[in-house]
Each structure stands twice: as C-alpha cells, then as structure tokens.
1. Sorted by packing (mean other beta-carbon atoms within 10 Å per residue), highest first, where do 77-85, 53-61 land?
2. Quote the relative contact order of the chain in percent (integer), defining contacts as alpha-carbon pairs under 8 Å separated by 6+ residues.
3. Can you compute 3J(HN,Hα) from phi for each residue in region 53-63, using the Karplus curve 6.51 cos²θ - 1.76 cosθ + 1.60 with θ = phi - 60°, rounded to whole Hz and x for Gly and Pro?
4. Using only the Cα atoms of region 25-84, construct the convex hull and provide its projected area averaged over every direction, in square nanometres to one decimal.
5. Could you run the Karplus curve 6.51 cos²θ - 1.76 cosθ + 1.60 with θ = phi - 60° over region 25-35 and give me ³J(HN,Hα) per residue in whole Hz, x for Gly and Pro?
Amino acid sequence: MADDLRLVRQQLTLADGDAFPAGSERWREALCAAAAELNRQDWTVRMPVTDDFVVYAVDLELVDLDRNLAACVPAQRLALLRDRGLVR
C-alpha cells in the first residue's frame, strides 16, 4: 500500500509543475498510467475487494470516462464490468 500511495503522490506532485497542466492530455495520460499500475496490484492482500473492483481516472464532468476506462482497466476486467451492466 505504501508503494501505491507513493505512486499517486508522485503523479500529483508532477501535476503541480508545468509538465502536466491539470486538464491537459498529458495530465489525463499520467492519471491513467497511475490507475493502470494500481489495477496491476493484488488488492486482496490489502483489503477485501469484490471481483469487479477497479481503479480508474475520472474528471468531474465524466468527459473522458470511456477512454479512461479503456486505458486504466485491463480488457478482461472491463469486459466483466460491461457484462454486468456496470459500464457501457
């Protein structure tokens, strides 16, 4: 868990600089990369989770939700979410 938090803090720190202006495509890609890395972790060793537990990047307006889900969530897990009607 400490490594996961370090990764998120690192991404947020990068966002404070000009390299990743908030709302930019580079910012979205950085958040998706962090979420994708978190999805590669075995969360069951840290806390109880369901088989449809995922981490994904989202903005308040959900503008890039479909694109972010595809970038953050492994294809097999995304198919599971779609089969269950949890996402489009």
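1. Values: 77-85: 12.8, 53-61: 14.6.
For the peptides 77-85, 53-61, the packing ranking is 53-61, 77-85.
2. Working: 66 pairs, mean separation 21.0, N = 88.
Rounded, it is 24 percent for the chain.
3. After applying 6.51 cos²θ - 1.76 cosθ + 1.60, I find 5, 9, 10, 8, 8, 8, 9, 4, 8, 6, 4 Hz.
4. Values: hull surface 17.7 nm².
It is 4.4 nm².
5. 4, 5, 5, 4, 4, 5, 5, 5, 5, 5, 5
Coordinate-derived values only; no laboratory data. Just so you know, these numbers come straight off a predicted model, no measurement behind them. Cβ: placed from backbone, ideal geometry, glycine included. Neighbour counts: every protein chain shown.
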